[in-house]
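Participant: My structure is below; once you've seen it, I'll send some questions.
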Amino acid sequence: MIHLASPLAQYRAHDADIAAAIARVLNGGVYILGDEVENFERAFAAYCGVGHAAGVGNGTDALVLAIKALGIGAGDEVITVSHTALATGAAILAADAVPVLVDIDPVYYTIDPALIEASITPRTRAIIAVHIYGQAADMDAIGAIAKRHRLPLIEDCAQAAGGRYGQMRTGAIGDVACFSFYPTKNLGAIGDGGMVVSNDQALIARVKQLRQYGWDASRQTREIGLNSRLDPLQAAILGAKLPHLDADNARRGAIAARYSGAFADLALTVPAIRAGTQHVFHLYVVALDDRDGLMAHLAARKIGAAVHYPVPVHGHGGYSERVVLPEGGLPVTACLVNRIVSLPMYPELTDDEVAQVIAAVRGFFGKAA
Ligand SMILES: Cc1ncc(COP(=O)(O)O)c(C=O)c1O
């Protein structure tokens with residue numbers, strides 16, 4: 001079996017470092033927050049090139065807490081895409097705000113800046129740009145719109161740890177950025193984890209209050225928060241893995257380049273890479289007419305494949321009534337969800353496994369490897 005992603009292979013690649021990190025936490029006797037979390041917050045902020053970071057329970061909570069820390073709540077509108085993990089929409093709703101969904105551009109699959117302004121209303125309070133699959137959204141264009149309308153720009157970096165947009169890391173471009181350390185993510189924990197990063201010290205201080213009920217230093221609360229702290233065990237493990245993130249992303253990029261080269265003559269759209277950016281290929285997603293046929297062909301050859309995402313946010317039960325869609329709907333999103341499929345992508349994939357995936361995909365089109 002060739003898996004789509006393999007947190008187990010990643011664990012095995014770093015098992016001694018992970019064991020040492022866990023033993024350090026266990027013997028340190030501090031099992032909530034403390035130095036391990038602070039050290040990783042500092043290391044991750046420095047890696048992203050931002051001033052401050054707050055470790056939280058997961059990537060969804062990172063978004064909820066960032067939205068709340070910006071003072072966004074009941075009745076406020078937040079603009080984002082429907083072509084994303086459900087978590088992006090779930091977080092907006094969990095913060096009591098209304099997701100206002102905009103279509104994606106048909107080449108990069110990130111929010112289409114040309115469509116944003118039509119969805120801005122007097123109730124709009126923020127824009128969330130999702131760096132889908134590991135590729136930065138068009139942050140220059142989105143940033144200009146955010147600035148013009150005085151709206152904070154949130155980066156959903158769950159899939160883009162270590163990516164670059166020009167000289168900047170993803171996470172350092174907007175006003176605040178949210179990361180997930182879900183095990184399959186480019187920087188994955190052995191469980192859940194998340195982070196909010198920003199150059200705005202006061203905003204991160206607010207996230208740190210809100211991640212513990214809204215407590216101030218004397219454990220008094222003026223507003224309702226969550227209990228959502230990054231676990232010190234996960235912080236220590238992530239700290240051990242962070243030095244390998246660039247190499248892992250380079251390997252993902254090399255596998256993607258090999259796939260795209262090998263698929264160049266097939267009736268299939270390979271990922272487009274935005275000029276001047278580093279796509280970190282959390283997922284390698286192709287688009288084709290007979291997506292289901294290719295998936296069945298791969299399954300018969302024990303090659304993992306999946307659709308990210310078969311149902312847009314607004315198609316989920318409980319969401320359709322609570323989101324705002326533009327007149328005319330989201331035609332690019334609606335078309336894409338029936339055409340996309342994600343192929344195996346993780347740094348520990350061997351060259352031989354990559355060759356097997358290529359042979360299987362080419363075989364589906366009746367072409368020799
Ligand atoms: C784009 C996006 N946003 C947010 C999240 C939420 O992260 P988590 O699963 O850590 O809550 C994820 C991952 O699932 C994601 O892919």
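The values are calculated or read from the model by the stated rules, or taken from the named source; none is laboratory data. Keep in mind that what you see is a predicted model, and the values were worked out from it rather than measured. As a convention, Cβ positions derive from the backbone with ideal geometry for all residues, glycine included, and neighbour counts pool all protein chains shown.
Participant: Please go through the range 89-98 and give me each residue that is touching a strand residue (DSSP E or B) at 6+ places or on another chain (Cβ under 6 Å) and in contact (Cβ under 8 Å) with a residue 60 or more places away in the chain, ordered by number. Let's see the steps before the verdict.
Facilitator: Keep residues of the range 89-98 that are touching a strand residue (DSSP E or B) at 6+ places or on another chain (Cβ under 6 Å), which gives 89, 92, 97-98.
Hits for the range 89-98 are Gly89, Val98.
Participant: Would you call Gly317 farther than 30 Å from Ala172 by Cα and part of a helix (DSSP H, G or I)? Walk me through how you get there before you give the answer.
Facilitator: Working: farther than 30 Å from Ala172 by Cα: yes; part of a helix (DSSP H, G or I): no.
So Gly317 does not fit the description; no.
Participant: Filter the strands (runs of 3 or more DSSP E) completely within the range 117-182 down to those with at least 2 residues that are under 22 Å from Val324 (Cβ atoms) and either of a type in the set (Ser, Thr, Tyr) or within 12 Å of the ligand (Cβ to nearest atom) (or both).
Facilitator: Working: elements: 124-130, 153-156, 176-180.
Fully inside the range 117-182 and qualifying: 124-130, 153-156.
Participant: For the range 53-64, state whether one or more residues are touching a Phe, Trp or Tyr at 6+ places or on another chain (Cβ under 8 Å) and aliphatic (A, V, I, L, M).
Facilitator: yes
Participant: How about the range 37-55: which of its residues are closer than 17 Å to Thr170 by Cβ and of a type outside the set (Ser, Thr, Tyr)? Talk me through it step by step, then tell me what you get.
Facilitator: Just the residues of the range 37-55 that are closer than 17 Å to Thr170 by Cβ, to begin with: 43-53.
Of everything in the range 37-55, those that are closer than 17 Å to Thr170 by Cβ and of a type outside the set (Ser, Thr, Tyr) turn out to be Ala43, Phe44, Ala45, Ala46, Cys48, Gly49, Val50, Gly51, His52, Ala53.
Participant: Can you confirm whether the range 110-125 contains a residue that is crowded, with 24+ Cβ neighbours inside 10 Å, over 26 Å from Ile273 (Cβ atoms) and among the small types (Gly, Ala, Ser)? Please lay out each step first, then the result.
Facilitator: Keep residues of the range 110-125 that are crowded, with 24+ Cβ neighbours inside 10 Å, which gives 111.
Adding the requirement that they be over 26 Å from Ile273 (Cβ atoms) leaves none.
No, the range 110-125 contains no residue that is crowded, with 24+ Cβ neighbours inside 10 Å, over 26 Å from Ile273 (Cβ atoms) and among the small types (Gly, Ala, Ser).
Participant: Oh, and also: Output the residues belonging to the range 220-239 that are exposed (fewer than 14 other Cβ atoms within 10 Å of the Cβ) and within 16 Å of Met195 (Cα to Cα).
Facilitator: The one that is exposed (fewer than 14 other Cβ atoms within 10 Å of the Cβ) and within 16 Å of Met195 (Cα to Cα): Asn227.
Participant: While we're here: Select from the range 220-258 the residues that are modelled with pLDDT under 95 and among the β-branched types (Val, Ile, Thr) and list them in ascending order.
Facilitator: Answer for the range 220-258, where residues must be modelled with pLDDT under 95 and among the β-branched types (Val, Ile, Thr): Thr221, Ile224.
Participant: Looking at (1) at pLDDT 95 or above; (2) part of a loop (DSSP other than H, G, I, E, B); (3) surrounded by fewer than 22 Cβ atoms within 10 Å (Cβ to Cβ), find the lone condition where Ala217 falls short.
Facilitator: With (1) at pLDDT 95 or above; (2) part of a loop (DSSP other than H, G, I, E, B); (3) surrounded by fewer than 22 Cβ atoms within 10 Å (Cβ to Cβ) applied to Ala217, the lone miss is (1).
Participant: Evaluate the range 68-86: report whether one residue or more is outside the structural domain of Ser320 (by TED's automatic domain parsing), surrounded by fewer than 23 Cβ atoms within 10 Å (Cβ to Cβ), within 16 Å of the ligand (Cβ to nearest atom) and not aromatic (Phe, Trp, Tyr).
Facilitator: Checking the range 68-86: at least one residue is outside the structural domain of Ser320 (by TED's automatic domain parsing), surrounded by fewer than 23 Cβ atoms within 10 Å (Cβ to Cβ), within 16 Å of the ligand (Cβ to nearest atom) and not aromatic (Phe, Trp, Tyr).
Participant: Within 11 Å of the ligand (Cβ to nearest atom), at pLDDT 95 or above and at positive phi - does that describe any residue in the range 87-99?
Facilitator: No: the range 87-99 contains no residue that is within 11 Å of the ligand (Cβ to nearest atom), at pLDDT 95 or above and at positive phi.
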